[in-house]
Amino acid sequence: MSSRQDTLGPVQRIVVKVGTGLLTDTKGALEKARIGRICAQIAELSTTGREVVLVSSGAIAAGMGHLGMLERPKNLPVLQAAAAIGQGKLMSIYDAIFSSFRVQVAQLLLTHDDLKNRDRHLNARNTLRVLLARAIVPIINENDTVAVDEIKFGDNDRLAALTATLIDADLLVILSHVEGLLDAEGRVVTVVPKITSEIGQLAGDTDRATSIGGMASKIEAAKIVTRAGIPMIIASGERDGVLADLLSGQDQGTFFLPQNAKLASRKRWIAFFQRPAGRVIVDDGAARALRENGKSLLAKGVVSAQGTFGKGELVSICDKNRVEFARGLAKVGNGDLKTATGVVVHRDDLVIL
């Protein structure tokens, strides 16, 4: 039995992300027949006992069509207006299609701020768990009608990865109009055991007028979920029955293997759901103590600090080459670092990336 079959055999809770490029035709209009085929596959999984969350792009594209736009707006108020129009239209389509399969759906619109705040983070997780326990398919999108750069996820690939991490999913599937990650010769990379710099160099941006992201954002999503202990697959959503084929272990798309140990919920929240307020540069001894021995970061191991951060805020922890290898909640603000003598980041508040 292959490692893919071993990993996917017990999968019960799945996050499926569909991008704008998959949901729209070459003119940017929603392609209802393809949306219907994707919904049919998700409905089949849901009605046979699996828990499925759908992270869907397409709202802005739907609004663009109504407003007669051919390219994604760059002006924020116009983009948010397109999202406001498109969200209702897209959800109406999903509701009608899933209803034909006797599957209920629910809509959640999120911003990064919703998941950064610990209480709201837990509320969102609990809401999703209740919906899934009742065999309802949550449909999630970024709340583009109110989101600004400071509270945006950036793209729905990242939102899908954070959603999978939030609910402790067994698998994230990103369906796209491409077959998977391609190597330099244009062949699909079937398995990625570890995301290296060479893998990152294979990624490119999207060329779709209605979309953002591209393969680069999918690789970033894979970094999040695999570190959290969750496998991920990038595959073509244009293939009929692709979800069933993937779950049966067929070698379609690109399969990103998870790291061995799953992070606990709070550690995931520290590692992925906040943006660092600053960064701390540490010496080789401190880096080794954190990476290899699971120690706390002590003041004596700090070489320098950058940015302005206070007690309790998230900091990026970097080696002497300025390469980030950990994140944690500071017990000391940057203004007090020079006189500090004890713990700067406790190991309970620290995650090795």
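The values are calculated or read from the model by the stated rules, or taken from the named source; none is laboratory data. A quick note: this is a predicted structure, and the numbers were derived from the prediction, not measured. Don't worry about glycine lacking a Cβ; one is built from the backbone with ideal geometry, like all the others, and counts go over all protein chains shown. With ligands, DNA and RNA removed, areas are computed over all heavy atoms of the protein, side chains included. Shrake-Rupley method; radii C 1.70, N 1.55, O 1.52, S 1.80 Å.
When we screen 77, 73, 138 for residues that are at pLDDT 95 or above and within 26 Å of residue 275 (Cβ to Cβ), the only hit is 138.
Taking first residues from the stretch 52-65 that are at positive phi and partners that are at pLDDT below 95 and among the aliphatic types (A, V, I, L, M), the Cβ contacts under 7 Å between residues at least 6 apart in sequence or on separate chains come to 58/23; 58/30; 58/90. Within the stretch 244-262, the residues that satisfy the criterion of being outside any loop (DSSP other than H, G, I, E, B) and open to solvent by 10 Å² or more (accessible area, probe 1.4 Å) are 244, 245, 247. Here the condition is being modelled with pLDDT of 90 or more, touching a Lys or Arg at 6+ places or on another chain (Cβ under 8 Å), hydrophobic (A, V, I, L, M, F, W, C) and open to solvent by less than 50 Å² (accessible area, probe 1.4 Å); of 18, 11, it holds for 11 alone. For the stretch 50-70, the candidate set comprises residues that are open to solvent by 10 Å² or more (accessible area, probe 1.4 Å) and within 18 Å of the chain's Cα centre (by Cα); within that set, the residue that is modelled with the highest pLDDT is 51. As a summary of the residue check, residue 99 satisfies the conditions (1) within 30 Å of residue 245 (Cβ to Cβ); (2) out of contact with any Phe, Trp or Tyr (no Cβ under 6 Å at 6 or more places or on another chain); (3) crowded, with 20+ Cβ neighbours inside 10 Å except for the one numbered (3). Of the strands (runs of 3 or more DSSP E) contained entirely in the stretch 279-353, those carrying at least 3 residues that are within 25 Å of residue 263 (Cβ to Cβ) and under 27 Å from the mean Cα position of the chain (by Cα) fall at 314-318, 324-329, 350-352.
When residue 303 is tested against (1) closer than 30 Å to residue 187 by Cβ; (2) without any contact (Cβ under 8 Å) to a residue 24 or more places away in the chain, only condition (1) is not met.
Residues considered: 109, 131. Of these, the only one that is within 24 Å of the chain's Cα centre (by Cα) and assigned to a helix (DSSP H, G or I) is 131.
Among the residues of the stretch 263-271, is there at least one that is open to solvent by less than 20 Å² (accessible area, probe 1.4 Å), touching a residue at least 12 places away in the same chain (Cβ under 8 Å), part of a loop (DSSP other than H, G, I, E, B) and touching a Ser or Thr at 6+ places or on another chain (Cβ under 6 Å)? No, the stretch 263-271 has no match at all. Checking every residue in the stretch 31-49 against the condition of being in contact (Cβ under 8 Å) with a residue 60 or more places away in the chain and within 20 Å of the chain's Cα centre (by Cα) gives at least one match. Of all residues in the stretch 281-296, those that are within 15 Å of residue 327 (Cβ to Cβ) have Cβ atoms under 6 Å from Cβ atoms of residues that are in a loop (DSSP other than H, G, I, E, B) and open to solvent by 30 Å² or more (accessible area, probe 1.4 Å), 6 or more apart or on another chain, in 296/346. Counting only residues that are over 18 Å from the mean Cα position of the chain (by Cα) and in a helix (DSSP H, G or I), which one in the stretch 224-243 is surrounded by the most Cβ atoms within 10 Å (Cβ to Cβ)? Residue satisfying both the conditions and the ranking: 243. So, residue 353, is that one touching a residue at least 12 places away in the same chain (Cβ under 8 Å) and open to solvent by 70 Å² or more (accessible area, probe 1.4 Å) or not? In short, yes.
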